[in-house]
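Before any comments, here is the structure.
The numbers here are math on the coordinates, done by the rules we state, and not lab data. Please read all numbers here as calculations on a predicted model, not as lab measurements. We place every Cβ from the backbone using ideal geometry, glycine too, and count neighbours over all the protein chains shown.
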Number of protein chains: 4
Amino acid sequence: MSTQRESAPNTARRNEASRRAILMAAFDLVGEVGYAKLSIEGIAARAGVGKQTIYRWWPSKGAVLFDAFLALAEGSDDSSALPDTGDLQADLTTVLRATVEEFGDPRFDTPMRALSTEIAHDPALAEMYAERLDRPMRELKKERLRSAQRTGELPADLDLDVAIDLVWGPLHNRWLHRSGPLTPEYAEALVATALNGLRHASASE
Amino acid sequence: MSTQRESAPNTARRNEASRRAILMAAFDLVGEVGYAKLSIEGIAARAGVGKQTIYRWWPSKGAVLFDAFLALAEGSDDSSALPDTGDLQADLTTVLRATVEEFGDPRFDTPMRALSTEIAHDPALAEMYAERLDRPMRELKKERLRSAQRTGELPADLDLDVAIDLVWGPLHNRWLHRSGPLTPEYAEALVATALNGLRHASASE
Amino acid sequence: MSTQRESAPNTARRNEASRRAILMAAFDLVGEVGYAKLSIEGIAARAGVGKQTIYRWWPSKGAVLFDAFLALAEGSDDSSALPDTGDLQADLTTVLRATVEEFGDPRFDTPMRALSTEIAHDPALAEMYAERLDRPMRELKKERLRSAQRTGELPADLDLDVAIDLVWGPLHNRWLHRSGPLTPEYAEALVATALNGLRHASASE
Amino acid sequence: MSTQRESAPNTARRNEASRRAILMAAFDLVGEVGYAKLSIEGIAARAGVGKQTIYRWWPSKGAVLFDAFLALAEGSDDSSALPDTGDLQADLTTVLRATVEEFGDPRFDTPMRALSTEIAHDPALAEMYAERLDRPMRELKKERLRSAQRTGELPADLDLDVAIDLVWGPLHNRWLHRSGPLTPEYAEALVATALNGLRHASASE
DNA sequence: CTGTAACCGAGACGGTACGTCACGTCTTGGT
DNA sequence: ACCAAGACGTGACGTACCGTCTCGGTTACAG
């Protein structure tokens, strides 16, 4: 017996060139005109492709964009581990400072923002995002924290998911909602405070 | 000196009934059909109002929705202070647990999500949000933290903005991106870890 | 009590310039590209009008074309009577020869053909055609035949509808189906044979 | 010598089952959904055939339909002669009454209408129609008229093409354009008037 | 107490994009 | 080689809303 999906298109016959052109067009366009003005028609036109070819393979504008990100992520060396000098606070600060810088680059800011908000509205997309993009990155972060647990820098019983949320959550939040300036200093303060806790905030010095 | 907007409509002549009908229709509709399918035409029809009446007073769909929230917030007793029993961790846990519950209510979830993502794309709206909705709530939170500083529960030199981000950021983040289960236990762990810091996470017990 | 048509658009607010531009564009286009390749989009583009403006006022491509003909017919002096020299055969021959010539003109042939076949498929359109275009012309023809009845050229008890069909039907038929050459000679033979009957076909000479 | 069409497919290898399925599907579908909504895709799907198999053998939708008619006509006994009792008027009345009845049957009306209008727009098709379907029927009619010429019922110098047009043209016209009721009485009046001529219309009695 | 001007509902308008359908061409794999 | 299946680029469909623009009707201030 085989898994029988209703009228699922035959992936074997798929045109790889069109697929790539669509993904590239989607990524480029979202950076140029923003997510709100991104249209399937626009993507199709830019990619030199029929609209139906998009509708055949993706359920929504957001799904296309997501795949575009995925292709990009898989193409890059995102699989590289976080720095591990033995000094957790220094390493985290380095990473968050880099993230701050990345957020400041419009070429990343616009499409990332689009993906973030699209995910907020589409649970199916959120699931895909969690599985394919968030989980691998989260695993890298966990690895660094586990290393810190091994050296005794962090307690062994620390809930790593909470820990990661505590360090990266506020940063992502401030970026997405523009609820405050996104500076290297903020990244430093965040790491320091998260590591030491509110009660001992000045202990880092 | 007064800010002179070009051909600004005369607020005095404004029809209050229409304004309220529009705000109510916007809020109701966003809960029924979601933000993406919310349309000015739909709001106008539901409110029994001409489209022009909306375009006359609001620059965008998001602005209408924002005003709808504002009206709701001002109508409620959101201005009440956070609980202050003298035990900061207990009080914050109470507050975050309530927030978790609120996020679980679809009547709040859908419109709030809409506002959140709209803000992410519209800096002007973000500014309004920061000013009119976020700042007052943040002030209440700061007040509670200052109280804790006075009693010595928190260091006097703690950066309260970072502190607030550290406690509420991860929660809001997990809600918006559905990056994990939103449970009371998570709220508790968050408060405990944030207060004690990652290095001393088990010190709260 | 008033006649309550369901969601009928308010004719009063109608833009007359757009209406005329649409009609003209439709007529021109059908002559240029033929009925099969005539599209609402094309008409709208040529007329400088939104598609919705067409859909708002006409139920179908054929209805637009029909109105275009109607406007043309009303604009011209089609209301002029048929010639009446006292010699019925001569007069009918004159008229049919003119019709043959008209059918040979591509500027009339293409759109007329389009209207004719559209009518064949759409009973509602057929009704409109019968009422607005065919009936007036038929009345003019009847008038000429009645005059012949008065002078004794035709019997008083002749069924004029059958008579008209007999004279014009074959011509229209041969034109539409291209079932034979459309010549002045054919027009002459037709009139002679119809007037004298098959049994006495040579009696006209 | 044979007419050599460029890259004509090898008729020998043709799948007869597919051909018949296509023709049947085309005929059935045109009766079900009408000519306008008849599509190659629909025919292919209904016939269980690839689209290419249709495009390989027919140049257009109309050509398929025409072949479907042809197959039907050749399958039936349309080659039978018209009745010849010696009374021309009676015989023609019988034939036209039968035709009137046929036109009233939706199973014939819809596809016939489709073919008729398609012919009006496509000269190539018209030529095929004239050759393959119209000419044989016209020959049968002429045969009956020649018989009447032999018995002296009709003049020997009568133009038979004009005569046939005069009798059948008005009927076909009224059917196609719905320009009046299609009744047995109309058939009778038509025959009588055509035979006797307008000038002696009452002479048949 | 009465213009008159702004606001109001309604909705037509020129547009853009939607998501679907069918076109005619093409490629793949099976017989 | 022909066939079924169906992906492809193309283009039109008919619908939904966009934001702008009259159109009368109705307030509410100004002369």
Open item on the list: Which residue in C is nearest the C/B rotation axis when you measure from the C-beta atom, and what is the distance in Å?
Closed with: C:Gln52, 5
Task: Residue mean of other protein chain beta carbons inside 10 Å, C:151-160 - done: 3
TODO: With a cut-off of at most 14 other beta carbons within 10 Å, and DSSP calling the residue loop, which chymotrypsin sites (Phe, Trp or Tyr not before Pro) in region D:37-146 qualify? Please list them.
DONE: none
TODO: Under a cut-off of 23 Å between alpha-carbon atoms, report the lysines in cross-link reach of C:Lys37, not counting same-chain residues fewer than 8 places apart.
DONE: A:Lys51, C:Lys51, C:Lys61, D:Lys37, D:Lys51, D:Lys61
Open item on the list: When 1/r is averaged over all different Cα pairs and the result inverted, which Kirkwood radius in Å belongs to the protein assembly as shown?
Closed with: 34.6 Å
Open item on the list: Can you give the log10 of the normalised intensity I(q)/I(0) at q = 0.08, 0.14, 0.16, 0.19 Å⁻¹, computed with Debye over equal Cα scatterers of chain D?
Closed with: -0.36, -0.91, -1.09, -1.38
TODO: Report, for B:Glu41, each distance to the same residue's label point in the other copies, shortest first and in nm; define the point 7 Å along Cα→Cβ.
DONE: 1.4, 2.0, 2.6
- [ ] Using the 7 Å Cα-to-Cβ label point, sort the distances from D:Pro59 to its equivalents in the other copies shortest first and give them in nm to one decimal.
- [x] 3.6, 4.7, 6.2
Task: For D:Glu102, inter-copy label distances in nm, listed shortest first [label point 7 Å out on the Cα-Cβ vector] - done: 3.1, 7.8, 8.0
Task: Residue of C:Gly86, C:Gly34, C:Gly75 that the Gaussian network model of chain C assigns the largest fluctuation, springs spanning Cα pairs under 10 Å - done: C:Gly75
- [ ] List the GluC sites (Glu not before Pro) within region C:121-154 that fall in a DSSP loop (any state other than H, G, I, E or B) and whose Cβ has at most 13 other Cβ atoms within 10 Å.
- [x] none
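Tell me, what are the semi-axes, in whole angstrom and largest first, of the equivalent ellipsoid of region A:6-93 as set by the roots of 5 times the Cα gyration tensor eigenvalues?
Value: 33, 17, 11 Å, ordered largest first.
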